[in-house]
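K.L.:
Handing you this structure, nothing more for now.
The values are calculated or read from the model by the stated rules, or taken from the named source; none is laboratory data. On a predicted model such as this, the values are computed, not experimentally measured, just so you know. We place every Cβ from the backbone using ideal geometry, glycine too, and count neighbours over all the protein chains shown.
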Amino acid sequence: MSKIVFKTVVLSTFLIFFISTQAIKAQDFFEISKQLELLHAVYKEIHLHYVEQPNTGNISKRAIDAMLSGLDPYSVLFTEDDIEEYRYMTTGAYGGIGLNLREINGKVRVYELYENAPAAKAGIRIGDIIYSVNGIRILKYDDKVMSLLRGSPGSTVTLEIQSHTTAQPQTLKLIRQHIQPPVISNASLLSDSCTGIIRLESFTERCAEDVKTALVQLKRRGAKRLILDLRDNPGGLLQEAVRLVNLFVSPEQLVVYTKGRNPEMNSEFKTATAALDSVMPIVVWINAHSASASEIVAGALQDLDRAVIAGERSFGKGLVQQTKTLPYNSQIKITVAKYYIPSGRCIQALDYASRNAEGVVNTVPDSLITAFKTRNGRIVYDGAGVYPDLPLMSTPGAYVVSKLQEAYCFYDFANNYVAGHPKIEKPEAFKITNAEYDAFVIFCIQRLDSILTDMDLELNTKINFKKNGIRDSISMNQALWAIKTELKNQKKSWFSQFSNDIKTALEEELIARYYFEKGKRAYRIKHEYQIQELLNVMADLEKFNSYLKPLTDQKPKRPFSQNKRY
């Protein structure tokens, strides 16, 4: 296509758009035309003169990805090759073999398996190494690897894979099938037999209906109270969040409204039908990874004083994305509005329109965080996620467990354990022996240098001393060596001081190998550190209701700094 023809097509297209929307000002139209002409000129020069034959498709995709990433991390392009990823985003389902990968110790390994999926049925295990997919060598983990694994149900994918128990790789041909990860990973009665818990993993199509079904079944079994577990739930479809709130709130109640630069994006979303249960005591359990639709549910139920919010401050994503169809079977998911919950607050924590000179996104400063009021007059805040009414502290050994997880101690030990144990007891009965725990301790002590605490990271900056004008002396090296020795001794003491937390995490990792995510959740719910605190609060109706009443002192109090979490 000649330059003149290209310019004519581009200008004509935007002229039609301008006339139809009347939304682009003359100077904006000129700027868009100018930049498109410049982009075309750059493409032309690359195509004609670059030293190697360029892959113009890849160049274009990278350019678009960079353009969208400059807006926010939620605006993305889905090409025809990404259709399975797009389907997964909206429905939670995809065509594939039912595994997730992660790069561990320089190898791309199986990190999670879905029960009854092709991968698990073929004998693939967590810990196995993936060398190639359909003949394409896999040297590192990225989104392209998962796109290679996914495809139309019924199609074939070929893997070169090595079990961690064998010396040589093997080739497996698997037939992809429809994979639907469970949206509700746990729905059960807790130890008091009166409190039900429902863990929702994401907000995909019909998830509210699934929650409704689970809740009806729990009520039939005697549940009089509910814990809605939204921890680590990244969100999803806004409409499903509204429908979920509607299960507990009467009709015609405002749940959320959106406001965008384009007035067409301004909408109100209200409850539409009778509530399934408008009086049952509810706790919504959130953490720092509860985002988007999870925050709409938590924030709306908090603003309407319908539930007590427990856990940690949520992620702080108050942006709404909409998917638009593009040419060549592509889709663009783009941020079109901010959402506001019933009190009028927006919980968006990062201001993507305001970046510093280095391009770093700024948080909303504490000085600009504004107080709002719930229906009962309680003080709530905007600009930094949803703050819990009932903060729950982590277990005493949570930090230690997280450091052992970061070093893949549980993961690697479990790989070896599975090789010598064909089966274990059911999740509710499984316990590791003292000898097995001792073996785990020895295993970890052998790799203490790879278990990096915050202090380790600070000590490792010693290499930069000379660059900072600090002389590397014998006394300084002796002092650093003494600190490192003491730090290593402190790490060794973890295994006796926090043995209960470490054993629980290890048992959970092992159970997942034999009973998949379902078994892991069943085990976890009986060992959650904060469950008993939630049960105590919910059993005392007066105490529960006290969280929904305004304090005597109605003056707004500054919340915890948004740079800190519970």
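K.L.:
Can you pull out every residue in region 349-370 that is of a type in the set (A, V, I, L, M) and either modelled with pLDDT of 90 or more or not in a loop (DSSP other than H, G, I, E, B) (or both)? Full working, then the answer.
P.N.:
First pass over region 349-370, keeping only residues of a type in the set (A, V, I, L, M): 349-350, 353, 357, 360-361, 364, 368-369.
Within region 349-370, LEU350, ALA353, VAL361, LEU368 qualify.
K.L.:
Which members of region 232-259 meet the condition of being of a type outside the set (D, E, K, R), within 21 Å of PHE315 (Cα to Cα) and out of contact with any helix residue (DSSP H, G or I) (no Cβ under 8 Å at 6 or more places or on another chain)? Please lay out each step first, then the result.
P.N.:
Residues of region 232-259 of a type outside the set (D, E, K, R): 233-239, 241-242, 244-251, 253-258.
Checking which are within 21 Å of PHE315 (Cα to Cα) leaves us with 233-239, 241-242, 244-245, 255-258.
Within region 232-259, GLN239, TYR257 meet the criteria.
Condition check ((1) of a type outside the set (D, E, K, R); (2) surrounded by 13 or more Cβ atoms within 10 Å (Cβ to Cβ); (3) over 18 Å from LEU301 (Cβ atoms)) across all residues:
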site: VAL145; (1), (2), (3): yes, yes, yes
site: SER188; (1), (2), (3): yes, yes, yes
site: ARG206; (1), (2), (3): no, yes, yes
site: ARG225; (1), (2), (3): no, yes, no
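K.L.:
Kindly check whether there is at least one residue in region 373-386 that is within 20 Å of the chain's Cα centre (by Cα) and surrounded by fewer than 16 Cβ atoms within 10 Å (Cβ to Cβ).
P.N.:
Taking region 373-386 first, the residues within 20 Å of the chain's Cα centre (by Cα) are 383-386.
After this cut, where a residue has to be surrounded by fewer than 16 Cβ atoms within 10 Å (Cβ to Cβ) as well, the list is none.
No, the conditions are met nowhere in region 373-386.
K.L.:
Filter region 289-310 down to the residues that are at pLDDT 95 or above and not hydrophobic (A, V, I, L, M, F, W, C), then identify the one that is surrounded by the most Cβ atoms within 10 Å (Cβ to Cβ).
P.N.:
Out of the qualifying residues, it is GLY299.
K.L.:
To continue, here is another question. Restricting to region 333-348, count the residues that are farther than 15 Å from ILE379 by Cβ and assigned to a loop (DSSP other than H, G, I, E, B).
P.N.:
Step one: list which residues in region 333-348 are farther than 15 Å from ILE379 by Cβ, which gives 333-340, 346, 348.
Okay, now just the ones that are also assigned to a loop (DSSP other than H, G, I, E, B), so 346, 348.
Total satisfying the criteria: 2.
K.L.:
Go through region 161-186 and give me each residue that's hydrophobic (A, V, I, L, M, F, W, C), touching a Gly at 6+ places or on another chain (Cβ under 7 Å) and surrounded by 17 or more Cβ atoms within 10 Å (Cβ to Cβ). Show your work before the answer.
P.N.:
Here is the first cut: in region 161-186, the ones hydrophobic (A, V, I, L, M, F, W, C) are 161, 167, 172, 174-175, 179, 183-184.
Then keep just the ones that are touching a Gly at 6+ places or on another chain (Cβ under 7 Å); that gives 175, 179, 183.
If the condition is that a residue be hydrophobic (A, V, I, L, M, F, W, C), touching a Gly at 6+ places or on another chain (Cβ under 7 Å) and surrounded by 17 or more Cβ atoms within 10 Å (Cβ to Cβ), then ILE179, VAL183 are the ones that fit.
K.L.:
What do you reckon, is GLY469 modelled with pLDDT under 95 and exposed (fewer than 11 other Cβ atoms within 10 Å of the Cβ)?
P.N.:
On the way: modelled with pLDDT under 95: yes; exposed (fewer than 11 other Cβ atoms within 10 Å of the Cβ): yes.
Here the answer is yes, as GLY469 does meet what is asked.
K.L.:
Going by the structure shown, is GLU37 outside any loop (DSSP other than H, G, I, E, B) and surrounded by 14 or more Cβ atoms within 10 Å (Cβ to Cβ)? Please lay out each step first, then the result.
P.N.:
Values: outside any loop (DSSP other than H, G, I, E, B): yes; surrounded by 14 or more Cβ atoms within 10 Å (Cβ to Cβ): yes.
So GLU37 passes the test.
K.L.:
Before we move on, is ASP72 within 23 Å of the chain's Cα centre (by Cα), in contact (Cβ under 8 Å) with a residue 40 or more places away in the chain, closer than 25 Å to VAL183 by Cα and outside the structural domain of THR156 (by TED's automatic domain parsing)? Walk me through how you get there before you give the answer.
P.N.:
Numbers: within 23 Å of the chain's Cα centre (by Cα): yes; in contact (Cβ under 8 Å) with a residue 40 or more places away in the chain: yes; closer than 25 Å to VAL183 by Cα: no; outside the structural domain of THR156 (by TED's automatic domain parsing): yes.
Judged against the criteria, ASP72 is not a match.
K.L.:
Let me ask something else about it. Please state which one of SER147, SER152 is small (Gly, Ala, Ser) and either in the same structural domain as LEU276 (by TED's automatic domain parsing) or more than 27 Å from SER294 (Cβ to Cβ) (or both). Let's see the steps before the verdict.
P.N.:
Details: SER147 fails: either in the same structural domain as LEU276 (by TED's automatic domain parsing) or more than 27 Å from SER294 (Cβ to Cβ) (or both).
Just a single option satisfies the conditions, and that option is SER152.
K.L.:
Follow-up question, since we're still on this one. Just the residues that are part of a strand (DSSP E or B) and among the aliphatic types (A, V, I, L, M), please, taken from region 307-332. Can you show your working first?
P.N.:
Within region 307-332, the subset part of a strand (DSSP E or B) is 308-311, 319-326, 330-332.
VAL308, ILE309, ALA310, LEU319, VAL320, LEU326, ILE332, listed by residue number.
K.L.:
Let me ask another. Are there any pairs, at least 6 apart or on different chains, whose C-beta atoms fall under 8 Å, with the first in region 39-64 and of a type in the set (A, V, I, L, M, F, W, C) and the second modelled with pLDDT of 85 or more and outside any helix (DSSP H, G or I), and if so, which?
P.N.:
Cβ pairs passing all conditions: ILE64/LEU77.
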